[in-house]
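The structure appears right after this line, and notes come after that.
The values are calculated or read from the model by the stated rules, or taken from the named source; none is laboratory data. These numbers come from a predicted model, not from an experiment. Counting neighbours? That spans all protein chains shown, and the Cβs are built from the backbone with ideal geometry, glycine included. When the accessible area is computed, the model is the full protein with side chains, heavy atoms only, and any ligands, DNA or RNA have been set aside. Shrake-Rupley method; radii C 1.70, N 1.55, O 1.52, S 1.80 Å.
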2 protein chains.
Amino acid sequence: MAKEKQPRKPRAETPKGFRDYFGADVIERRDMLAKISAVYERYGFDPLETSAVETVEALGKFLPDVDRPNEGVFGWQDEDADWLALRYDLTAPLARVAAQFRNELPTPYRRYAYGPVWRNEKPGPGRFRQFYQCDADTVGAPSVAADAEICAMLSDALETVGIERGDYIVRVNNRKVLNGVMEVAGLSGDDKDAERGIVLRAIDKLDRLGADGVRALLGAGRKDDSGDFTKGAGLNDTQADVVMGFMAAKRGSGEETVARLRELVGASKVGCEGVDELETIAALLDAQGYGPDRIEIDPSVVRGLGYYTGPVYEAELTFEILDEKGRKRQFGSVAGGGRYDDLVKRFTGQAVPATGVSIGVDRLLAALRAKKLERGEAETTSAGPVVVTVMDRDRMADYMAMVGQLRQAGIRAEMYLGNPKNFGNQLKYADKRGSPIAVIQGGDEAEKGVVVLKDLILGAKIAESATLEEWKDRPAQVEIPLADLVAEVKKMLAQ
Amino acid sequence: MAKEKQPRKPRAETPKGFRDYFGADVIERRDMLAKISAVYERYGFDPLETSAVETVEALGKFLPDVDRPNEGVFGWQDEDADWLALRYDLTAPLARVAAQFRNELPTPYRRYAYGPVWRNEKPGPGRFRQFYQCDADTVGAPSVAADAEICAMLSDALETVGIERGDYIVRVNNRKVLNGVMEVAGLSGDDKDAERGIVLRAIDKLDRLGADGVRALLGAGRKDDSGDFTKGAGLNDTQADVVMGFMAAKRGSGEETVARLRELVGASKVGCEGVDELETIAALLDAQGYGPDRIEIDPSVVRGLGYYTGPVYEAELTFEILDEKGRKRQFGSVAGGGRYDDLVKRFTGQAVPATGVSIGVDRLLAALRAKKLERGEAETTSAGPVVVTVMDRDRMADYMAMVGQLRQAGIRAEMYLGNPKNFGNQLKYADKRGSPIAVIQGGDEAEKGVVVLKDLILGAKIAESATLEEWKDRPAQVEIPLADLVAEVKKMLAQ
C-alpha cells in the first residue's frame with residue numbers, strides 16, 4: 001500500500017539573485033538617498049516615481065548590452081496578451097513619461113528618481129537581479145549647460161554623502177569627439193555601424209583589459225584567459241593608431257587636452273562640434289568654481305551604452321581598497337551618464353534632447369562603508385531600544401506603562417515580548433538588539449517604588465577590556481525611583 | 001506596388017492599472033512614511049526591505065480573497081522553470097524571512113517595512129495594480145501585549161502624520177470571540193469551514209451592506225443591485241440571531257462590551273479565551289493612557305482575511321468627506337491587521353505567533369489631503385526654484401555662476417535651460433515651476449554690475465486680486481548689486 005504523501009513544505013528562500021536588507025542597511029541607504037535627493041532638489045530637480053511595471057513596447061530595445069535586445073528583463077503577458085515587464089533602469093520610464101506628459105510637464109523638465117530596477121541576468125558574486133539606481137535627468141535642454149550642471153551636481157552629491165574632495169573625480173568626454181576620430185580613421189557611414197560598436201565597447205574596457213587588450217579588439221580580435229575569442233573591429237594599424245591616440249589624448253590641463261583633441265578630429269565637422277562643446281562645459285564649470293580637482297576632461301571615458309549622442313560623464317572613486325584577494329585597487333566608477341537625444345523620439349517622432357546621470361546606489365554605499373572602515377569608524381548600526389524586562393508576568397501593565405513613558409519622551413524603548421520565564425534570555429535578547437539599557441523591576445523593587453537600570457553598553461565594554469578598573473567610577477547598574485525613570489534613562493543614554 | 005510599412009511607434013502609456021507620481025505627490029508620501037517610520041522605530045521596530053520578487057511557492061495561497069488561490073499575482077517562470085511573482089503584500093515576504101533567518105533574528109522580531117505591492121486584479125477607479133503598504137509586525141511574541149502595543153503604535157502613527165485625536169478610532173476585536181460565537185451557533189467543526197468563511201466575509205461587509213444585507217448572507221443568500229446572487233451561509237434564524245447579536249454587542253464602555261461578549265460566548269472555551277484576551281489588551285492600553293477615545297473594543301470588526309487567529313484591529317477615520325456624488329460619508333478604514341499564528345508554520349512546521357498591522361498608504365494620504373482642504377490649507381507643492389533667466393546666450397557662464405552662488409547658499413535655484421530666444425517663454429517656465437523669483441541680467445545691467453530680481457509670488461498675487469493697492473509698498477521688481485544677490489534673494493524669500 002502506497003504511503004500517503006505529505007505535501008512538501010515550501011522553501012523559505014530569497015529567490016536566486018535577489019536579496020533582503022535588514023535594519024541598519026535599510027537606514028543607511030535611506031539616509032544616503034535623502035542626502036542626494038536634497039542636492040538634486042537644490043538644483044531644481046523634481047522627484048518622479050513611475051510604476052515598476054512598463055509595457056515591453058515602451059521599454060524598447062535599449063538594454064545596456066545592445067547585442068541582446070528584448071532579453072534581460074522579467075516579463076509576462078497580461079490578460080490582453082500585451083507584454084509587461086519590470087523596468088531595467090530609470091531612463092526608459094523617463095523617456096515614456098516625457099513623451100506621455102509632454103504637454104503638462106515644464107520644458108526643460110528636470111527630474112530625479114530613485115528606486116529598484118530589475119535585470120533578468122545570471123546572478124553572480126555582487127551581481128543581483130534587483131538593485132537600486134538614483135538618477136537625475138534634464139529633458140528638453142539642448143544646451144550643454146545642462147550636461148555641465150549635472151556634472152557639478154554629481155560632484156556636490158558625492159561630497160554631501162561623505163566622499164571627500166580628492167577621493168573622487170568626475171570625468172567628462174564627448175561622443176561627438178569620438179565620432180570625429182572614427183571619421184578620421186575611416187569608420188564613418190552606416191555600413192560601419194558594427195565596427196563602431198566594437199570600437200566603442202573596446203575603449204570602454206580600457207580599465208579592465210589595458211591598452212594591449214583594447215588594441216587587440218580594435219584589430220582582429222582577442223582571446224581571453226579562458227580561451228574565448230572576441231571578434232575585433234578589423235581596423236588596420238593606421239586606423240587603430242588613431243583610436244589609441246584618442247584614448248591617450250589626456251594632457252596636464254583641460255586646455256591642453258582640448259587642443260590635442262582638436263588636432264585629432266582634424267577637419268571632421270562633428271568632431272569639432274564635440275571639442276567646442278567640451279570647451280563650453282569646462283568654461284561653465286569653471287565659472288561656478290568646479291575646477292579639475294573635481295571635474296576633468298578625459299578622452300578615455302566613452303560609456304558602453306549605444307544611445308549616447310554627445311557629452312558623456314562618469315564619477316570615479318580614486319581611493320584604494322583591498323579586493324577579495326587582498327590586492328590594492330582603485331574603487332572605480334560609481335556613477336555615469338551622458339546625453340541621449342533619441343530616447344523620447346521613439347515615441348513621438350520628434351527628437352528631444354536629454355541628458356542625465358545614474359548613481360549606482362549599492363556601489364556608492366559599499367564605498368562609504370570602505371571609507372568608514374579605513375578611518376576606523378564604527379559600522380552604522382541602528383541604535384538599539386531600551387528594553388524593559390518582564391520579571392513578573394502579572395505586572396505586564398506596569399512594564400507597559402514604563403515603556404509608554406519612555407516612548408512619549410522620544411526614547412526608543414520596548415517591553416520584552418518573548419516568554420519571560422528565563423531572565424537570562426531576556427538579557428540575551430537585549431544584547432542581540434544592541435540595547436543600551438535594561439530596565440528591571442521585580443516584586444521587591446515594585447514594593448519600594450524603584451527600578452533598576454542596567455547599563456548594557458558599559459557591560460559590553462567591561463566584557464571587552466576584561467578589566468573593571470577604568471569603569472569603576474561608573475556603576476554597571478543603579479537603583480532609582482520609578483518616578484525618575486525617564487530622566488535617569490536620558491542621563492545614562494547621554495553618557 | 002505595396003508601400004513599405006513604417007514600423008509603428010511604441011505607445012507612451014503607463015500600463016493599465018498603474019500610475020506615475022510627480023513632484024509634490026512623491027514628497028508628500030515620502031514625508032509621511034518618514035514620520036510613520038520614526039514612530040515605529042521608537043517602538044523598537046527595525047526596518048526590513050525584501051526584494052519585490054518572491055517564489056510563488058513562498059508566497060503561497062494567502063491572497064486576501066481566499067476563493068482565488070494562486071490568482072491575483074503577476075508571475076512568470078524563470079530559466080529553471082521555477083515560478084516567480086511580485087509580492088502582493090508585505091506579510092508573506094515577512095513570513096518567508098522569519099522562517100529563513102530564524103537563527104539570526106532576535107526573538108521576538110519586531111520589523112516594519114514599506115514599499116509597493118502588486119495585485120493582478122482588474123483595475124478600477126481608485127484601484128491600482130501597484131500601491132504602497134506600510135506594515136509593522138511582531139514575530140515570535142505569544143502575548144497579546146504585542147497586539148496591544150501595535151494598536152497603541154497605530155494610534156501614535158496616525159496622530160504623528162496629522163490625524164487629530166477624535167478624528168480616528170482604532171477598533172479591536174478577537175477572532176476567538178467570533179469562533180466562540182460560531183460554536184454557540186452550531187458552526188464549529190471542520191465540515192463547517194465553508195460556512196464560517198461566508199459568515200466572516202458577511203460580517204466584514206456590515207459597513208457596506210447594512211444589517212439586512214449581512215442577515216441575508218447569513219441565511220440563503222443575497223441578490224445585489226446588479227441582480228448577481230451571492231450564496232449565503234445557510235444559517236437558520238436562531239443561528240443567524242446569535243451572529244447578529246455578536247455584531248451588535250458593542251456597549252457604552254469596554255467593560256460592558258466585554259461583559260456582553262462573555263454572555264454571548266457562553267461555555268465556549270475558545271470564546272472565553274478570546275474575551276479574556278480582549279480584557280488584557282484593554283488593561284494594557286489603559287496602563288499606557290490609551291483610552292476608548294483612541295482605542296476601543298468593537299465586536300463588529302472581523303477583518304476579511306482568513307488567516308487571523310486572535311486579536312484583529314482596524315483604524316477608521318471618523319470625519320466626514322464628500323464622496324464623488326457630493327454626499328457626506330465617513331472616510332473609513334485606513335489600516336488594519338491582527339494576529340496570524342500559522343504563516344511561518346507553512347515553512348518550518350513550527351507554529352510561530354505573529355501579529356501586525358498594515359497601513360493603506362494611499363488612502364491615508366488621501367485622508368490627509370481631504371483634511372487639509374477642509375481646513376482651507378494650501379495643497380502641498382514643492383517650493384519652486386529661483387530661476388536665473390538667460391538674456392544673453394553668450395553670457396551663460398555668468399548666469400551659471402549666479403546659480404552656483406545661490407545653490408551654495410542652500411537656495412533652490414536653476415538657470416533657464418530651454419531655448420532663451422523668447423524671454424516670455426522663460427517667465428512662463430518660471431511660472432509653471434512655481435518659481436518665487438526670476439533673476440534677470442541683460443547687457444546694461446551686466447555693465448553696471450547689477451541684477452534685477454522679479455518677485456513672482458507678488459506678481460501672482462497682484463494678478464489674482466487685480467489691484468496693486470495692497471502691494472504698493474512692496475515693489476514687484478528691484479535692481480540690486482550683483483554682489484548682494486544671495487542676501488537679497490534670501491530677504492525676498494523670507495517675506
Practice item. Would you tally the residues in region B:177-202 being of a type outside the set (Gly, Ala, Ser) and either open to solvent by 40 Å² or more (accessible area, probe 1.4 Å) or in contact with a Ser or Thr (Cβ under 7 Å, 6 or more places away or on another chain) (or both)? Key: 11
Check your understanding: Which one of these does B:Gly197 not meet: (1) within 28 Å of B:Phe331 (Cβ to Cβ); (2) assigned to a helix (DSSP H, G or I)?
Key -> (1)
**Study point:** Restricting region A:140-157 to residues that are open to solvent by 10 Å² or more (accessible area, probe 1.4 Å) and in contact (Cβ under 8 Å) with a residue 12 or more places away in the chain, the residue that is nearest to A:Arg19 (Cα to Cα)
**Key:** A:Asp156
Exercise for review: Would you mind telling me which numbered condition in (1) open to solvent by less than 20 Å² (accessible area, probe 1.4 Å); (2) at pLDDT below 95; (3) not aromatic (Phe, Trp, Tyr) A:Thr107 fails?
Suggested key: (1)
Exercise for review: Would you be able to tell me the number of residues in region B:124-161 that are within 11 Å of chain A (Cβ to nearest Cβ) and either over 27 Å from A:Tyr399 (Cβ atoms) or of a type in the set (Ser, Thr, Tyr) (or both)?
Suggested key: 7
Review point. If a residue has to be within 21 Å of B:Val352 (Cβ to Cβ) and part of a loop (DSSP other than H, G, I, E, B) to count, how many in region B:151-184 make the cut?
Key: 0
Review point. Of the residues that make up region B:118-136, is at least one more than 25 Å from B:Val73 (Cα to Cα) and open to solvent by 10 Å² or more (accessible area, probe 1.4 Å)?
Key: no
Point to revise | Sole residue being basic (Lys, Arg) and touching a Pro at 6+ places or on another chain (Cβ under 7 Å), chosen from B:Arg369, B:Arg412, B:Arg375 | key: B:Arg412
Check your understanding: Restricting attention to region A:344-358, which residues are touching a residue at least 40 places away in the same chain (Cβ under 8 Å), outside any loop (DSSP other than H, G, I, E, B) and either more than 11 Å from chain B (Cβ to nearest Cβ) or not β-branched (Val, Ile, Thr) (or both)?
Key -> A:Arg346, A:Phe347, A:Ala354, A:Gly356, A:Val357, A:Ser358
Practice item. Considering every residue within region B:359-368, establish whether at least one is among the hydrophobic types (A, V, I, L, M, F, W, C), in contact (Cβ under 8 Å) with a residue 40 or more places away in the chain and either within 11 Å of chain A (Cβ to nearest Cβ) or open to solvent by 40 Å² or more (accessible area, probe 1.4 Å) (or both). Key: no
Review point. Within region A:259-301, which residues are away from chain B (no Cβ under 14 Å) and either on the phi > 0 side of the Ramachandran plot or in contact with a Phe, Trp or Tyr (Cβ under 6 Å, 6 or more places away or on another chain) (or both)?
Key: A:Leu264, A:Gly266, A:Pro299
Point to revise | Members of region B:411-433 that are of a type in the set (Gly, Ala, Ser) and within 7 Å of chain A (Cβ to nearest Cβ) | key: B:Ala413, B:Gly418
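Take the residues in region A:16-27 that are touching a Ser or Thr at 6+ places or on another chain (Cβ under 6 Å) and assigned to a helix (DSSP H, G or I), then tell me which one is surrounded by the fewest Cβ atoms within 10 Å (Cβ to Cβ).
Going residue by residue through region A:16-27, those that are touching a Ser or Thr at 6+ places or on another chain (Cβ under 6 Å) are A:18, A:20, A:23-24, A:27.
Filter once more, keeping what is assigned to a helix (DSSP H, G or I): A:23-24, A:27.
Details: A:Gly23: 20, A:Ala24: 16, A:Ile27: 19.
Taking the candidates together, the pick is A:Ala24.
Does B:Tyr114 meet the test of being at pLDDT 95 or above, in contact with a strand residue (DSSP E or B) (Cβ under 8 Å, 6 or more places away or on another chain), open to solvent by 20 Å² or more (accessible area, probe 1.4 Å) and under 20 Å from B:Tyr43 (Cβ atoms)? Walk me through it before giving the result.
Details: at pLDDT 95 or above: yes; in contact with a strand residue (DSSP E or B) (Cβ under 8 Å, 6 or more places away or on another chain): yes; open to solvent by 20 Å² or more (accessible area, probe 1.4 Å): yes; under 20 Å from B:Tyr43 (Cβ atoms): yes.
Spelling it out, B:Tyr114 is indeed at pLDDT 95 or above, in contact with a strand residue (DSSP E or B) (Cβ under 8 Å, 6 or more places away or on another chain), open to solvent by 20 Å² or more (accessible area, probe 1.4 Å) and under 20 Å from B:Tyr43 (Cβ atoms).
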Point to revise | Selected residue (criterion: farthest from the chain's Cα centre (by Cα)) from residues of region B:198-224 that are of a type in the set (A, V, I, L, M, F, W, C) and within 16 Å of B:Asn236 (Cβ to Cβ) | key: B:Ala220
Check your understanding: Across region A:28-48, which residue is nearest to B:Ala383 (Cα to Cα) among those that are facing chain B (nearest Cβ under 8 Å) and either modelled with pLDDT under 95 or part of a loop (DSSP other than H, G, I, E, B) (or both)?
Key -> A:Gly44
Exercise for review: Say whether the condition of being basic (Lys, Arg), within 14 Å of chain B (Cβ to nearest Cβ) and either open to solvent by 30 Å² or more (accessible area, probe 1.4 Å) or closer than 21 Å to A:Leu456 by Cβ (or both) is met by at least one residue in region A:330-343.
Suggested key: no
Point to revise | Residues being in contact with a Gly (Cβ under 7 Å, 6 or more places away or on another chain) and under 22 Å from B:Arg215 (Cα atoms) - total across region B:235-270 | key: 5
Exercise for review: Inspect region A:389-396 for any residue being closer than 30 Å to B:Ile281 by Cα, in contact (Cβ under 8 Å) with a residue 40 or more places away in the chain, surrounded by fewer than 16 Cβ atoms within 10 Å (Cβ to Cβ) and within 11 Å of chain B (Cβ to nearest Cβ) and give the result as yes or no.
Suggested key: no
